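First up is the structure itself, then whatever we jot down about it.
The values are calculated or read from the model by the stated rules, or taken from the named source; none is laboratory data. Quick caveat, the model's predicted, so the values are computed rather than measured. For neighbour counting, all protein chains shown are included, and Cβ atoms are generated from backbone atoms with ideal geometry for every residue, glycine included. Surface areas here come from the heavy atoms of the whole protein model, side chains and all, with no ligands, DNA or RNA. Shrake-Rupley method; radii C 1.70, N 1.55, O 1.52, S 1.80 Å.
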Amino acid sequence: MTQSQSRLPKEEFQSRLFRTTRTPFFSLKTKKNAVQKRRVGVVVGKTVNKSAVKRNFWRRQAKTILTNLIAPGNDVLVIFFPKINELTKKEFREALMEAAAVLR
């Protein structure tokens, strides 16, 4: 489980200061923060999959990749779309890394 210090607070989800990259599978948003820590937020709704197991799977995948990928002092928010179920883990990892590279 991600430490509470590295979770992006829910109040920050509605911030308009995010830089956004959108793919058919997810939307990746990033911005600088004042606490100098990596903070990751992941939104996987029931429209993605009705099974909580699958939603948690995608949530864990995103958090694992992003905590190693982003620099300290950044907030990252990933919002999944229903088409994510068409990807394999490897394809998802590659797509997420490409989207993160665009935002750097």
Inset, instruction - Output ³J(HN,Hα) for the stretch 40-48: one whole-Hz value per residue in order, computed from phi by the Karplus curve 6.51 cos²θ - 1.76 cosθ + 1.60 with θ = phi - 60°, and x for Gly and Pro. - result: 10, x, 10, 10, 10, x, 5, 6, 5
Inset, instruction - Could you tell me the accessible area of I70 in Å² (1.4 Å probe, neighbours in place), rounded to the nearest ten? - result: 20 Å²
Inset, instruction - Could you check which residue among F92, F80, F57 shows the biggest mean-square fluctuation in a GNM of the chain with a 10 Å Cα cutoff? - result: F57
Inset, instruction - Pop a pseudo-label 7 angstrom from the Cα along the beta-carbon direction at both S27 and T67 and give the gap in nm to one decimal. - result: 2.6 nm
Inset, instruction - Keeping all protein chains in place, calculate the accessible area per residue for the chain (probe 1.4 angstrom), answer in Å². - result: 64 Å²
Inset, instruction - Principal axes first, then extents: for the Cα atoms of the stretch 48-93, list largest minus smallest coordinate on each axis, whole Å, largest first. - result: 34, 19, 16
Legend entry - Rg/Rg_ref, the chain, where Rg_ref = 2.2 N^0.38 Å and atoms are Cα: 1.00
Inset, instruction - Using every pair of alpha-carbon atoms in the stretch 14-64, split the distances into 10 Å bins beginning at 0 and state the percent of pairs per bin, rounded to integers. - result: 20, 49, 27, 4
Inset, instruction - Hand me the tally of lysine pairs in the stretch 18-82: alpha carbons under 17 angstrom apart, and the pair either on different chains or 8 or more positions apart. - result: 6
Inset, instruction - Report the FRET efficiency, 1/(1 + (r/R0)^6), for K50 and E94, where r is their Cβ-Cβ distance and R0 is 30 Å, rounded to 0.05. - result: 0.70
Inset, instruction - Using Cα pairs closer than 8 Å and at least 6 residues apart in sequence, work out the relative contact order for the chain, in percent. - result: 36 percent
Legend entry - GNM top mover of L66, L17, L77 - the chain, alpha-carbon springs below 10 Å: L17
